[in-house]
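One structure is given here, and the rest of the page talks about it.
What follows draws every value from the coordinates through simple rules; no lab data is involved. What you are looking at is a predicted structure, and each value in this text was computed from that prediction instead of being measured. Please note: Cβ atoms are built from the backbone with ideal geometry, for glycine as well, and neighbour counts cover all protein chains shown.
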There are 2 protein chains.
Amino acid sequence: MSNDPAAPSVTPKAAYHHGDLRAQLIAAVRDLVETHGPDGFSVAEAARRAGVSSAAPYKHFKDRHEILRGVVSEAMDRLRAAMEAGAEAHAYGSLEAVAAVGQAYVDFAKDEPGVFRLVFGLTEGHENAPDLLAKGEGCFGVVVHAVAARLDLPPADPDVQRRAYMLWSFVHGHSFLTIDMKHKVAAAEIDDWDYLMTISHAILAPTGS
Amino acid sequence: MSNDPAAPSVTPKAAYHHGDLRAQLIAAVRDLVETHGPDGFSVAEAARRAGVSSAAPYKHFKDRHEILRGVVSEAMDRLRAAMEAGAEAHAYGSLEAVAAVGQAYVDFAKDEPGVFRLVFGLTEGHENAPDLLAKGEGCFGVVVHAVAARLDLPPADPDVQRRAYMLWSFVHGHSFLTIDMKHKVAAAEIDDWDYLMTISHAILAPTGS
DNA sequence: TGACGAAAGTTAGCACCTTTCACATATGTT
DNA sequence: AACATATGTGAAAGGTGCTAACTTTCGTCA
C-alpha cells in the first residue's frame, strides 16, 4: 500500500483482497436480518451485497450459523455498551440508573427488532457458543451491578441475583411484546420510562415477599 | 371400497387420497420444529414423513409459511385451552387463578420450547394473518379475564388492561429466559409457582403506583 | 530480490429445498 | 354415467449451502 493499490474511486473497497470482508459480511447480514427477518437471510445474498462470490464467506465463517453468531456477538457488545451507558447516565445506586438499564434494553429491541429476535431466538447457537453465553452473562451482569448498587449489597448476594433476574424477565418480556404486538402495548398505553420506574421500584422495595 | 376403504393394516392411512393430510403435515412440522428447531424444518421432510410427494403439501398450504402458521394456530388453541384450564382449577377471582394462568404459559414454553419460540418468533406471519392476531388477543383475554375477576372490575377497564399487560410481560419474559437460559434461572433458584404468586400479588396490589 | 507458503478470492459442481406446471386419479353430485 | 373438483404424482426451474480445486495476492525470510 505504498502509493495506492489501484485506488480507483472514492470507496476504498477495490482491492481484490478487499480488506475487511468479515466485517462487511456481518454488516450485510445484520441489515438483511433487520429488513427481511431472521429467516429471510442467505449467505449468497450477503456475499452479493459485499460484492464477492458466494463461496467467499466460507473463508471467514464455517457455517451460515457462524455468520449469524457473528452478528449476535456484535449485537451483544452493543447492547451491553448501551446498558452500561444507560446506568452511567444517572447517579450511582439510584433507581433511575436501574430503570435506564432497562430502557436501553427496550430501546435496542425497538431499534433493531430483527437482530433482537435473532439474539434470543438462536436455539442451536447458544449451545455451541460459549462466547455468546459469556456475553449474555455480561449483559445480565450489568443489571446485577445496578441492582447491587441500589441495594448496597455485593453482586453475588442471592437476593440481588434474584431481583435482578425478576427485573430482567420483566424487561425482556416487555421488549418482546413491544416489538411483537405493538398495538396491544399501545392499547394499554404503556410509557416505557414510567413502566420501568414503576417496576424497578416494586421489585427493589425493601422487603421481598 | 364398500366396506372398508382398502383397510389393509392397522393404521388407517393407506387410502391414496389419504384423508387428513393437512393435519398430519401440521403434526409432522410441529415435531420437526420441536426437535430440529424452527429453522431445521423443510416442507420436503414433512411430506416425506406423511408419506406423500413433496408437491402434495401445496394442495393444502400456499407457502411454507402457511404451514408454520398452521402450527402456530394449533399451538395457540392449545395454549389458550391450557390457560383457561389453569384459571378454572382455582376459585374464581382468586390470586391463585391468576398465577395458574401464568403457570400454564410457562409450562407450555417448557414443554414445547421450539413451538413456543415459533409462535412468538414469527415476524412475517403476524402481519399477514389476522386469525393469528385474533388468537393472540384471545390468549391475552384469558389473562385480562382472570385479572378482572380478581379486581372485581370489568375487563375493559384501563387499569385491568394495564395490569394484565404487566403480568403478561413478566410471564412472557420469564418463559423465554427459562427456555433460553436455563442455567441462569437455576442459578437464581426460581420456583415457578412462588415466582408467579409473588408477581401476581405485587401487580394486583390495591394501589397502582 | 525473489522464491514460497498462507490467506483470501474465484469458478464449478453436488445435493437439497421451494414452488410451479401438467397430468393422473379418486370423490361425490346431479 | 358423466363431470367438476379435490387431491395426489412426477418433472423441472431456480435458489441455496457448502466443498473442492484452482488462482491471485501478500508478507516474510533466505
Fluctuation leader among B:G138, B:G40, B:G70 - chain B, Gaussian network, Cα springs under 10 angstrom: B:G40
Three-way shape call for the protein assembly as shown based on the alpha-carbon gyration tensor, with the a/c threshold at 1.5: oblate
Pairs from A:K135/B:K182; B:K62/B:K110; A:K110/A:K182; B:K110/B:K182; A:K184/B:K62 whose Cα-Cα separation, in the structure shown, is over 21 Å: B:K62/B:K110; A:K184/B:K62
Likely footprinting exposure, B:E137, A:E74, B:E189, fewest C-beta neighbours within 10 Å first: B:E189, B:E137, A:E74
Cβ-based exposure ranking for B:S169, B:S54, in which fewest neighbours within 10 Å come first: B:S54, B:S169
Computed FRET value (nearest 0.05) for A:T35 with B:S53, which takes r as the C-beta separation and R₀ as 60 Å: 0.95
Proxy reagent accessibility, fewest Cβ within 10 Å first, across A:Y105, A:Y92, B:Y58: A:Y92, B:Y58, A:Y105
Extended-chain gain in nm, criterion 0.36 nm per residue less alpha-carbon gap, A:E88 and A:A23: 20.5 nm
Cβ-placed point charges (K, R +1; D, E -1), dipole of the stretch B:72-203 about Cα centre in debye, nearest 20: 220
Summed residue charge, Cβ within 9 Å of B:R30's Cβ, Lys/Arg positive, Asp/Glu negative: -4
Selected from B:R30, B:R69, B:R49 as most flexible by GNM, with chain B as the system and alpha-carbon contacts under 10 Å: B:R49
Dipole of the protein assembly as shown [Lys/Arg +1, Asp/Glu -1 at C-beta], most positive-end residue of B:A23, A:A87, A:L133: B:A23
FRET efficiency, B:D194 to B:D131 (Cβ-Cβ, R0 35 Å, nearest 0.05): 0.45
